[in-house]
Amino acid sequence: MFKRSILSNLQAWATSSNRKPLVLRGARQVGKTSVVNEFGKEFDNYLYLNLENPASRLLFERDVPIDDLLTLIFAHVNQKKHDGTTLIFIDEIQNSPAAISKLRYFYEERPDIFIISAGSLLENVIDIHKSFPVGRVQYMAMRPCSFKEFLWALGKEQLAGMLTKPEMSVALHPQLMGLFNTYTLIGGMPEAVAQYADNGDVVALEDVYETLLQGYRDDVEKYAVTRADINIIRFLLTAGWQKAGETITLGNFAGSNYRAKDIAEAFRVMGKAMLSELVYPTSSTCVPAIGETSRAPKLIWLDTGLVNYAAGIQREILDSTDILDAWRGRVAEQIVAQELLSQSDKVSQTRSFWSRNSKESSAEVDFLWQYNSKLYPIEVKAGHNAHLKSLHSFIDRSNNDVAIRVWSQPFSIDEVQTSAGKPFKLINLPFYLVGHLEQVIDALNI
(Lines give C-alpha, C1' and ligand atoms only; values in the text may rest on other atoms or scores of the structure.)
Protein backbone atom coordinates (compact mmCIF):
# COMPACT_ATOMS: atom_id res chain seq x y z
CA MET A 1 0.00 0.00 0.00
CA PHE A 2 1.29 3.47 -0.84
CA LYS A 3 1.28 6.27 1.71
CA ARG A 4 -2.04 7.98 2.52
CA SER A 5 -2.39 11.34 4.29
CA ILE A 6 -5.11 10.03 6.58
CA LEU A 7 -2.54 7.91 8.45
CA SER A 8 -1.30 11.03 10.24
CA ASN A 9 -4.90 11.92 11.11
CA LEU A 10 -5.39 8.45 12.58
CA GLN A 11 -2.23 8.86 14.63
CA ALA A 12 -3.53 12.18 15.97
CA TRP A 13 -6.80 10.46 16.91
CA ALA A 14 -4.92 7.69 18.72
CA THR A 15 -2.92 10.15 20.85
CA SER A 16 -5.86 12.41 21.67
CA SER A 17 -6.70 12.69 25.37
CA ASN A 18 -10.46 12.62 24.66
CA ARG A 19 -10.41 9.85 22.09
CA LYS A 20 -13.69 8.11 21.27
CA PRO A 21 -14.38 5.08 19.07
CA LEU A 22 -13.81 6.24 15.49
CA VAL A 23 -16.33 5.86 12.67
CA LEU A 24 -14.46 6.01 9.36
CA ARG A 25 -16.76 7.19 6.58
CA GLY A 26 -16.21 6.98 2.85
CA ALA A 27 -17.45 5.51 -0.41
CA ARG A 28 -16.59 1.90 -1.10
CA GLN A 29 -13.14 1.24 -2.54
CA VAL A 30 -11.53 4.50 -1.38
CA GLY A 31 -9.11 2.43 0.71
CA LYS A 32 -10.63 2.38 4.22
CA THR A 33 -9.73 -1.25 5.00
CA SER A 34 -6.23 -1.00 3.55
CA VAL A 35 -5.33 2.12 5.49
CA VAL A 36 -6.58 0.78 8.83
CA ASN A 37 -4.74 -2.50 8.26
CA GLU A 38 -1.58 -0.45 7.73
CA PHE A 39 -2.33 1.65 10.81
CA GLY A 40 -2.85 -1.54 12.81
CA LYS A 41 0.86 -2.37 12.47
CA GLU A 42 1.56 0.36 15.04
CA PHE A 43 -0.27 -1.56 17.81
CA ASP A 44 0.81 -4.49 19.95
CA ASN A 45 -2.53 -6.19 19.26
CA TYR A 46 -4.48 -5.62 16.06
CA LEU A 47 -7.76 -7.46 15.55
CA TYR A 48 -9.74 -7.28 12.32
CA LEU A 49 -13.43 -8.23 12.17
CA ASN A 50 -15.56 -8.12 9.02
CA LEU A 51 -19.23 -8.20 9.94
CA GLU A 52 -20.23 -9.54 6.55
CA ASN A 53 -19.08 -12.77 8.21
CA PRO A 54 -22.01 -14.28 10.19
CA ALA A 55 -19.67 -15.77 12.78
CA SER A 56 -18.15 -12.35 13.45
CA ARG A 57 -21.60 -10.75 13.73
CA LEU A 58 -22.66 -13.37 16.27
CA LEU A 59 -20.01 -12.13 18.71
CA PHE A 60 -21.94 -8.90 19.20
CA GLU A 61 -25.37 -10.51 19.44
CA ARG A 62 -24.57 -12.00 22.84
CA ASP A 63 -25.43 -9.93 25.91
CA VAL A 64 -22.10 -10.20 27.71
CA PRO A 65 -19.89 -7.66 29.54
CA ILE A 66 -17.36 -5.80 27.43
CA ASP A 67 -14.42 -7.61 29.03
CA ASP A 68 -15.96 -10.96 28.08
CA LEU A 69 -16.62 -9.66 24.57
CA LEU A 70 -12.93 -8.77 24.26
CA THR A 71 -11.99 -12.30 25.30
CA LEU A 72 -14.38 -13.71 22.69
CA ILE A 73 -12.94 -11.47 19.96
CA PHE A 74 -9.37 -12.59 20.68
CA ALA A 75 -10.51 -16.21 20.59
CA HIS A 76 -12.52 -15.68 17.40
CA VAL A 77 -9.51 -14.34 15.49
CA ASN A 78 -7.28 -16.97 17.15
CA GLN A 79 -4.89 -14.37 18.46
CA LYS A 80 -3.03 -14.35 21.76
CA LYS A 81 -3.26 -11.09 23.70
CA HIS A 82 0.08 -9.32 24.18
CA ASP A 83 0.83 -6.61 26.67
CA GLY A 84 0.47 -3.10 25.30
CA THR A 85 -1.99 -1.35 23.00
CA THR A 86 -4.98 -2.97 21.30
CA LEU A 87 -6.75 -1.77 18.16
CA ILE A 88 -9.95 -3.47 17.02
CA PHE A 89 -11.17 -2.69 13.51
CA ILE A 90 -14.84 -3.54 12.95
CA ASP A 91 -15.35 -3.46 9.19
CA GLU A 92 -18.78 -3.40 7.49
CA ILE A 93 -20.31 -2.60 10.88
CA GLN A 94 -23.60 -1.58 9.26
CA ASN A 95 -24.46 -5.29 9.12
CA SER A 96 -24.92 -5.43 12.90
CA PRO A 97 -26.97 -2.86 14.84
CA ALA A 98 -25.87 -4.73 17.97
CA ALA A 99 -22.21 -4.02 17.15
CA ILE A 100 -23.01 -0.35 16.59
CA SER A 101 -24.69 -0.09 19.99
CA LYS A 102 -21.66 -1.77 21.62
CA LEU A 103 -19.44 1.16 20.61
CA ARG A 104 -20.82 3.21 23.50
CA TYR A 105 -19.77 0.53 26.01
CA PHE A 106 -16.24 0.43 24.67
CA TYR A 107 -16.15 4.21 25.14
CA GLU A 108 -17.62 4.15 28.66
CA GLU A 109 -16.06 0.97 30.08
CA ARG A 110 -12.84 0.31 28.15
CA PRO A 111 -11.49 3.62 26.86
CA ASP A 112 -8.02 2.03 26.75
CA ILE A 113 -9.11 -0.08 23.77
CA PHE A 114 -8.76 1.64 20.40
CA ILE A 115 -11.83 1.04 18.23
CA ILE A 116 -12.26 1.91 14.56
CA SER A 117 -15.39 0.99 12.64
CA ALA A 118 -16.18 1.44 8.96
CA GLY A 119 -18.74 0.48 6.39
CA SER A 120 -19.44 1.74 2.90
CA LEU A 121 -23.19 1.55 3.59
CA LEU A 122 -23.02 2.85 7.16
CA GLU A 123 -24.79 5.99 6.00
CA ASN A 124 -28.13 4.17 5.82
CA VAL A 125 -27.78 3.02 9.43
CA ILE A 126 -26.95 6.55 10.55
CA ASP A 127 -29.92 7.89 8.63
CA ILE A 128 -32.50 5.69 10.36
CA HIS A 129 -30.86 5.97 13.79
CA LYS A 130 -30.44 2.25 14.50
CA SER A 131 -29.14 2.51 18.06
CA PHE A 132 -26.30 4.73 16.93
CA PRO A 133 -24.37 5.97 20.01
CA VAL A 134 -24.61 9.70 19.42
CA GLY A 135 -21.99 11.66 21.37
CA ARG A 136 -19.93 8.57 22.14
CA VAL A 137 -18.18 8.23 18.78
CA GLN A 138 -16.29 10.56 16.48
CA TYR A 139 -16.14 10.64 12.71
CA MET A 140 -13.46 10.89 10.06
CA ALA A 141 -13.93 11.03 6.31
CA MET A 142 -11.76 9.18 3.83
CA ARG A 143 -11.80 10.17 0.19
CA PRO A 144 -10.02 9.25 -3.06
CA CYS A 145 -6.31 10.01 -3.33
CA SER A 146 -5.25 13.63 -3.61
CA PHE A 147 -2.60 14.81 -6.06
CA LYS A 148 -0.01 14.68 -3.27
CA GLU A 149 -0.88 11.03 -2.60
CA PHE A 150 -0.71 10.36 -6.35
CA LEU A 151 2.87 11.68 -6.34
CA TRP A 152 3.68 9.50 -3.33
CA ALA A 153 2.34 6.45 -5.17
CA LEU A 154 4.62 7.24 -8.12
CA GLY A 155 7.61 7.48 -5.77
CA LYS A 156 7.97 11.24 -6.28
CA GLU A 157 8.16 12.25 -2.62
CA GLN A 158 10.57 15.14 -3.25
CA LEU A 159 8.23 16.70 -5.80
CA ALA A 160 5.34 16.25 -3.36
CA GLY A 161 7.34 18.19 -0.79
CA MET A 162 7.49 21.17 -3.15
CA LEU A 163 3.69 21.54 -3.00
CA THR A 164 4.03 23.37 0.31
CA LYS A 165 6.51 25.86 -1.21
CA PRO A 166 4.57 27.81 -3.85
CA GLU A 167 7.41 30.15 -4.87
CA MET A 168 9.85 27.25 -5.36
CA SER A 169 7.28 25.26 -7.35
CA VAL A 170 7.62 27.77 -10.21
CA ALA A 171 10.94 26.22 -11.30
CA LEU A 172 9.28 22.78 -11.42
CA HIS A 173 6.07 23.96 -13.05
CA PRO A 174 6.23 22.02 -16.37
CA GLN A 175 6.91 18.74 -14.58
CA LEU A 176 4.27 19.29 -11.89
CA MET A 177 1.66 20.42 -14.40
CA GLY A 178 2.32 17.41 -16.60
CA LEU A 179 1.88 15.07 -13.65
CA PHE A 180 -1.28 16.87 -12.57
CA ASN A 181 -2.75 16.43 -16.05
CA THR A 182 -2.08 12.70 -15.72
CA TYR A 183 -3.70 12.70 -12.28
CA THR A 184 -6.74 14.49 -13.73
CA LEU A 185 -7.05 11.74 -16.33
CA ILE A 186 -6.59 8.82 -13.91
CA GLY A 187 -8.29 10.21 -10.82
CA GLY A 188 -7.71 9.17 -7.24
CA MET A 189 -9.33 5.76 -6.74
CA PRO A 190 -6.56 3.80 -4.97
CA GLU A 191 -6.75 0.71 -7.19
CA ALA A 192 -6.40 2.81 -10.35
CA VAL A 193 -3.53 4.84 -8.86
CA ALA A 194 -1.68 1.73 -7.65
CA GLN A 195 -2.04 -0.06 -10.98
CA TYR A 196 -0.86 2.98 -12.94
CA ALA A 197 2.10 3.37 -10.56
CA ASP A 198 3.04 -0.26 -11.29
CA ASN A 199 2.81 -0.28 -15.08
CA GLY A 200 2.13 3.25 -16.37
CA ASP A 201 -0.63 1.90 -18.63
CA VAL A 202 -3.71 4.13 -18.76
CA VAL A 203 -5.63 1.86 -21.16
CA ALA A 204 -5.33 -1.08 -18.76
CA LEU A 205 -7.28 0.90 -16.15
CA GLU A 206 -10.57 0.51 -18.03
CA ASP A 207 -11.28 -2.78 -16.24
CA VAL A 208 -10.66 -1.08 -12.88
CA TYR A 209 -13.12 1.73 -13.62
CA GLU A 210 -15.74 -0.63 -14.98
CA THR A 211 -15.51 -2.87 -11.91
CA LEU A 212 -15.81 0.12 -9.57
CA LEU A 213 -18.83 1.53 -11.41
CA GLN A 214 -20.54 -1.84 -11.54
CA GLY A 215 -19.93 -2.25 -7.82
CA TYR A 216 -21.71 1.03 -7.12
CA ARG A 217 -24.62 -0.04 -9.32
CA ASP A 218 -24.78 -3.41 -7.56
CA ASP A 219 -25.06 -1.59 -4.23
CA VAL A 220 -28.15 0.32 -5.33
CA GLU A 221 -30.61 -1.97 -3.58
CA LYS A 222 -28.69 -1.48 -0.33
CA TYR A 223 -28.71 2.32 -0.69
CA ALA A 224 -32.35 2.62 -1.72
CA VAL A 225 -35.55 2.17 0.28
CA THR A 226 -38.19 1.67 -2.42
CA ARG A 227 -38.24 0.19 -5.91
CA ALA A 228 -38.66 3.70 -7.31
CA ASP A 229 -35.52 4.81 -5.45
CA ILE A 230 -33.62 1.87 -6.93
CA ASN A 231 -34.57 2.81 -10.47
CA ILE A 232 -33.67 6.48 -10.02
CA ILE A 233 -30.31 5.84 -8.32
CA ARG A 234 -29.40 3.29 -10.98
CA PHE A 235 -30.26 5.90 -13.62
CA LEU A 236 -28.08 8.53 -11.91
CA LEU A 237 -25.18 6.08 -11.67
CA THR A 238 -25.47 5.52 -15.42
CA ALA A 239 -26.32 8.92 -16.91
CA GLY A 240 -25.31 11.34 -14.18
CA TRP A 241 -21.54 11.22 -14.72
CA GLN A 242 -21.93 13.20 -17.95
CA LYS A 243 -23.24 16.16 -15.92
CA ALA A 244 -20.15 16.47 -13.69
CA GLY A 245 -19.10 20.06 -13.01
CA GLU A 246 -22.34 21.36 -14.49
CA THR A 247 -25.11 23.39 -12.89
CA ILE A 248 -28.09 21.07 -13.24
CA THR A 249 -31.87 21.12 -13.17
CA LEU A 250 -33.26 18.36 -10.98
CA GLY A 251 -36.63 18.03 -12.70
CA ASN A 252 -36.33 15.84 -15.82
CA PHE A 253 -32.64 15.44 -15.05
CA ALA A 254 -30.58 14.24 -18.03
CA GLY A 255 -33.71 13.97 -20.20
CA SER A 256 -35.56 11.68 -17.78
CA ASN A 257 -39.20 11.88 -16.70
CA TYR A 258 -38.32 11.91 -13.01
CA ARG A 259 -39.65 14.67 -10.76
CA ALA A 260 -37.28 17.14 -9.10
CA LYS A 261 -38.33 15.87 -5.65
CA ASP A 262 -37.43 12.27 -6.52
CA ILE A 263 -34.10 13.19 -8.13
CA ALA A 264 -33.20 15.35 -5.11
CA GLU A 265 -33.94 12.45 -2.74
CA ALA A 266 -31.84 10.05 -4.83
CA PHE A 267 -28.92 12.48 -4.82
CA ARG A 268 -29.36 12.89 -1.06
CA VAL A 269 -28.96 9.14 -0.59
CA MET A 270 -25.91 9.09 -2.85
CA GLY A 271 -24.48 12.04 -0.95
CA LYS A 272 -24.70 10.06 2.27
CA ALA A 273 -22.83 7.26 0.52
CA MET A 274 -20.22 9.92 -0.40
CA LEU A 275 -20.55 9.15 -4.11
CA SER A 276 -21.62 12.63 -5.17
CA GLU A 277 -22.43 16.08 -3.87
CA LEU A 278 -24.88 18.72 -4.98
CA VAL A 279 -22.96 21.96 -4.52
CA TYR A 280 -25.45 24.77 -3.97
CA PRO A 281 -24.95 28.47 -4.68
CA THR A 282 -24.97 31.19 -2.07
CA SER A 283 -25.37 34.93 -2.46
CA SER A 284 -23.43 35.61 0.74
CA THR A 285 -20.00 37.27 0.66
CA CYS A 286 -19.12 36.55 4.29
CA VAL A 287 -19.22 33.57 6.63
CA PRO A 288 -21.25 31.54 7.07
CA ALA A 289 -21.84 30.76 3.40
CA ILE A 290 -24.96 28.60 3.47
CA GLY A 291 -26.01 26.92 0.25
CA GLU A 292 -29.41 28.01 -1.00
CA THR A 293 -31.16 24.73 -1.76
CA SER A 294 -34.01 26.41 -3.61
CA ARG A 295 -31.60 27.26 -6.43
CA ALA A 296 -29.96 25.07 -9.09
CA PRO A 297 -26.92 23.14 -7.78
CA LYS A 298 -23.68 22.09 -9.40
CA LEU A 299 -23.05 18.32 -9.56
CA ILE A 300 -19.69 17.02 -8.34
CA TRP A 301 -18.78 13.31 -8.22
CA LEU A 302 -16.35 11.61 -5.87
CA ASP A 303 -13.62 11.03 -8.47
CA THR A 304 -12.52 12.59 -11.75
CA GLY A 305 -11.10 9.35 -13.15
CA LEU A 306 -14.50 7.70 -12.84
CA VAL A 307 -16.13 10.74 -14.46
CA ASN A 308 -13.74 10.63 -17.41
CA TYR A 309 -14.35 6.92 -18.00
CA ALA A 310 -18.11 6.92 -17.42
CA ALA A 311 -18.68 10.07 -19.50
CA GLY A 312 -16.47 8.79 -22.31
CA ILE A 313 -14.11 11.79 -22.32
CA GLN A 314 -10.76 10.10 -21.59
CA ARG A 315 -9.46 10.67 -25.12
CA GLU A 316 -10.40 14.36 -24.96
CA ILE A 317 -8.51 14.77 -21.66
CA LEU A 318 -5.53 12.84 -23.01
CA ASP A 319 -5.32 14.95 -26.17
CA SER A 320 -5.79 18.28 -24.40
CA THR A 321 -2.77 20.50 -23.80
CA ASP A 322 -4.64 22.43 -21.09
CA ILE A 323 -7.32 20.87 -18.91
CA LEU A 324 -9.12 24.22 -18.88
CA ASP A 325 -9.92 23.59 -22.54
CA ALA A 326 -11.17 20.01 -22.05
CA TRP A 327 -14.88 19.24 -21.87
CA ARG A 328 -15.80 22.95 -21.86
CA GLY A 329 -13.87 23.46 -18.63
CA ARG A 330 -16.09 21.14 -16.60
CA VAL A 331 -13.41 18.55 -15.87
CA ALA A 332 -11.26 21.40 -14.49
CA GLU A 333 -14.04 22.36 -12.07
CA GLN A 334 -14.53 18.71 -11.08
CA ILE A 335 -10.86 18.20 -10.24
CA VAL A 336 -10.60 21.51 -8.37
CA ALA A 337 -13.65 20.57 -6.29
CA GLN A 338 -12.04 17.21 -5.55
CA GLU A 339 -8.74 18.77 -4.47
CA LEU A 340 -10.47 21.39 -2.30
CA LEU A 341 -12.23 18.62 -0.38
CA SER A 342 -8.99 16.68 0.09
CA GLN A 343 -7.79 19.27 2.62
CA SER A 344 -10.26 18.12 5.26
CA ASP A 345 -11.16 14.84 6.94
CA LYS A 346 -14.45 16.24 8.22
CA VAL A 347 -17.51 14.29 7.12
CA SER A 348 -19.60 17.45 7.15
CA GLN A 349 -17.25 19.37 4.85
CA THR A 350 -19.19 20.69 1.84
CA ARG A 351 -18.50 23.04 -1.04
CA SER A 352 -20.39 26.03 -2.39
CA PHE A 353 -20.21 28.60 -5.14
CA TRP A 354 -21.25 32.23 -5.35
CA SER A 355 -24.04 33.37 -7.62
CA ARG A 356 -25.69 36.77 -7.78
CA ASN A 357 -28.77 37.27 -9.87
CA SER A 358 -30.28 40.67 -10.42
CA LYS A 359 -32.35 42.43 -13.04
CA GLU A 360 -29.29 44.35 -14.18
CA SER A 361 -26.73 41.56 -14.39
CA SER A 362 -25.70 38.17 -13.10
CA ALA A 363 -22.38 36.95 -11.77
CA GLU A 364 -21.02 33.56 -10.69
CA VAL A 365 -17.80 32.53 -8.99
CA ASP A 366 -16.89 28.86 -9.38
CA PHE A 367 -16.21 28.07 -5.71
CA LEU A 368 -16.13 29.66 -2.28
CA TRP A 369 -13.55 28.40 0.18
CA GLN A 370 -13.85 29.18 3.87
CA TYR A 371 -10.70 29.41 5.94
CA ASN A 372 -9.83 31.39 9.09
CA SER A 373 -13.34 32.90 9.17
CA LYS A 374 -12.92 34.33 5.69
CA LEU A 375 -14.54 33.49 2.38
CA TYR A 376 -12.12 33.25 -0.52
CA PRO A 377 -13.61 33.36 -4.03
CA ILE A 378 -12.06 30.87 -6.46
CA GLU A 379 -12.31 31.13 -10.24
CA VAL A 380 -11.10 28.26 -12.42
CA LYS A 381 -10.15 30.28 -15.44
CA ALA A 382 -7.36 31.39 -17.77
CA GLY A 383 -7.01 34.84 -19.26
CA HIS A 384 -6.27 38.41 -18.31
CA ASN A 385 -7.32 39.78 -14.91
CA ALA A 386 -9.80 42.14 -16.51
CA HIS A 387 -11.83 39.17 -17.69
CA LEU A 388 -12.54 37.98 -14.13
CA LYS A 389 -15.65 40.13 -13.86
CA SER A 390 -17.60 37.84 -11.52
CA LEU A 391 -14.67 37.60 -9.15
CA HIS A 392 -14.37 41.40 -9.14
CA SER A 393 -18.09 41.63 -8.40
CA PHE A 394 -17.67 39.37 -5.36
CA ILE A 395 -14.67 41.33 -4.03
CA ASP A 396 -16.59 44.60 -4.34
CA ARG A 397 -19.26 43.18 -2.01
CA SER A 398 -16.90 41.36 0.36
CA ASN A 399 -14.84 42.40 3.37
CA ASN A 400 -12.03 40.22 2.01
CA ASP A 401 -9.30 41.59 -0.24
CA VAL A 402 -7.85 38.29 -1.48
CA ALA A 403 -9.11 36.21 -4.40
CA ILE A 404 -7.86 33.06 -6.09
CA ARG A 405 -7.64 32.20 -9.77
CA VAL A 406 -6.82 28.54 -10.53
CA TRP A 407 -5.06 28.06 -13.86
CA SER A 408 -2.39 26.07 -15.73
CA GLN A 409 0.33 28.72 -15.44
CA PRO A 410 2.95 29.09 -12.65
CA PHE A 411 2.23 30.51 -9.22
CA SER A 412 2.18 34.31 -8.92
CA ILE A 413 0.43 37.11 -7.05
CA ASP A 414 -0.98 40.22 -8.70
CA GLU A 415 -1.94 43.48 -7.03
CA VAL A 416 -5.07 44.51 -8.95
CA GLN A 417 -8.20 46.61 -8.69
CA THR A 418 -11.80 45.77 -9.35
CA SER A 419 -13.70 47.70 -11.98
CA ALA A 420 -15.08 49.78 -9.09
CA GLY A 421 -11.56 50.63 -7.94
CA LYS A 422 -11.20 48.34 -4.89
CA PRO A 423 -7.62 47.01 -4.56
CA PHE A 424 -7.10 43.29 -3.83
CA LYS A 425 -4.55 40.52 -4.13
CA LEU A 426 -5.13 37.93 -6.83
CA ILE A 427 -3.40 34.63 -6.14
CA ASN A 428 -2.74 32.86 -9.43
CA LEU A 429 -2.67 29.25 -8.28
CA PRO A 430 -1.61 26.36 -10.53
CA PHE A 431 -3.88 23.34 -10.34
CA TYR A 432 -1.32 21.25 -8.49
CA LEU A 433 -1.35 23.64 -5.49
CA VAL A 434 -5.12 23.61 -4.91
CA GLY A 435 -4.87 20.77 -2.40
CA HIS A 436 -2.42 22.89 -0.36
CA LEU A 437 -4.40 26.11 -0.33
CA GLU A 438 -4.33 26.32 3.47
CA GLN A 439 -0.52 26.22 3.52
CA VAL A 440 -0.36 28.77 0.69
CA ILE A 441 -2.57 31.23 2.57
CA ASP A 442 -0.68 30.67 5.82
CA ALA A 443 2.69 31.16 4.13
CA LEU A 444 1.53 34.43 2.56
CA ASN A 445 0.04 35.55 5.89
CA ILE A 446 -3.07 36.99 4.22
Calculated [θ] (222 nm, deg cm²/dmol) that DSSP helices of n ≥ 4 give over the chain, each run adding -39,500 (n - 2.57): -11500 deg cm²/dmol
Of the listed pairs Lys389/Lys425; Lys41/Lys80; Lys222/Lys298; Lys3/Lys41; Lys261/Lys298, those with alpha carbons more than 18 Å apart are Lys222/Lys298
Students often get this wrong, so try it: which of [x] 23.4; [y] 22.5; [z] 30.5 is Kirkwood radius over Cα pairs in Å as calculated from the structure shown? [x]
Solvent-accessible area per residue for the range 193-324 (1.4 angstrom probe, square angstrom): 44
May I ask which residue of Leu429, Trp354, His384 lies farthest towards the positive end of the charge dipole of the range 342-438, with charges of +1 (Lys, Arg) and -1 (Asp, Glu) on Cβ and the Cα centre as origin? Trp354
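Given charges of +1 on the Cβ of Lys and Arg and -1 on the Cβ of Asp and Glu, with all other atoms neutral, how large is the dipole of the chain about its Cα centre, in debye to the nearest 20? Could the numbers behind the result be given before it?
Working: 46 positive and 52 negative charges, 205 e Å.
Here the size comes out at about 980 debye.
Could you give the size of the charge dipole of the range 310-432 about its Cα centre, using +1 on the Cβ of each K and R and -1 on the Cβ of each D and E, expressed in debye and rounded to the nearest 20? Intermediate values should be presented prior to the final figure.
Working: 14 positive and 15 negative charges, 77 e Å.
Using only the charged Cβ atoms, the result is roughly 380 debye.
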Separation between the Met1 and Asn231 pseudo-spin-labels, each 7 Å from Cα along Cα→Cβ, expressed in nm? 4.1
Please give the net charge around Leu324, taking every other residue with its beta carbon less than 15 angstrom from that of Leu324, where Lys and Arg add +1 and Asp and Glu add -1. -4
Counting only other residues whose beta carbon sits under 12 Å from that of Asn400, what net charge do I get with K and R as +1, D and E as -1? +2
Quick one: dipole size for the range 333-405, taken about the Cα centre, charges +1 on Lys/Arg Cβ and -1 on Asp/Glu Cβ, in debye to the nearest 20. 140
In the Gaussian network model of the chain, springs joining C-alpha atoms below 10 Å, which of Ala264, Ala55, Ala14 carries the largest mean-square fluctuation? Ala55
Between Asp207 and Thr247, what is the label-to-label distance in nm when each label sits 7 Å out along the Cα-to-Cβ direction? 4.3
How about Lys20: which aspartates and glutamates have a C-alpha closer than 13 Å to its C-alpha, ignoring those fewer than 8 places off in the same chain? Glu108, Glu109, Asp112
Of Ser393, Tyr371, Thr247, farthest towards positive along the dipole that unit charges on Lys, Arg, Asp, Glu beta carbons give the chain: Ser393
Taking the highest mean first, how do the peptides 326-335, 212-221, 423-432, 4-13 order by number of other beta carbon atoms within 10 angstrom per residue? 326-335, 423-432, 4-13, 212-221
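Whenever you get a sec, compute what percent of the accessible area on the chain sits on carbon and sulfur atoms (1.4 Å probe). Intermediate results must be reported in sequence, preceding the final value.
Numbers: 9090 of 19270 Å².
Of all accessible area on the chain, carbon and sulfur atoms account for 47 percent.
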Pairs of Cα atoms under 8 Å, at least six residues apart: use those to get the relative contact order of the chain, whole percent. 14
Give the separation of the Cα centroids, the range 298-346 to the range 86-120, in Å. 36
To the nearest Å², the heavy-atom accessible area per residue of the range 1-50 with 1.4 Å probe amounts to 43
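What net charge do the residues around Phe2 carry, taking every other residue with its C-beta under 14 Å from that of Phe2, with Lys and Arg at +1 and Asp and Glu at -1? Could the numbers behind the result be given before it?
Numbers: positive: Lys3, Arg4, Lys148, Lys156; negative: Glu38, Glu149, Glu157, Glu191, Asp198.
Residues near Phe2 contribute -1 overall.
The values are calculated or read from the model by the stated rules, or taken from the named source; none is laboratory data. Bear in mind the structure is a predicted one, so any value in this text is a computation, not a measurement. Cβ sites come from the backbone with ideal geometry, for glycine too, and all protein chains shown count toward neighbours. Calculation scope for accessible area: heavy atoms of the full protein, side chains included, ligands and nucleic acids excluded. Shrake-Rupley method; radii C 1.70, N 1.55, O 1.52, S 1.80 Å.
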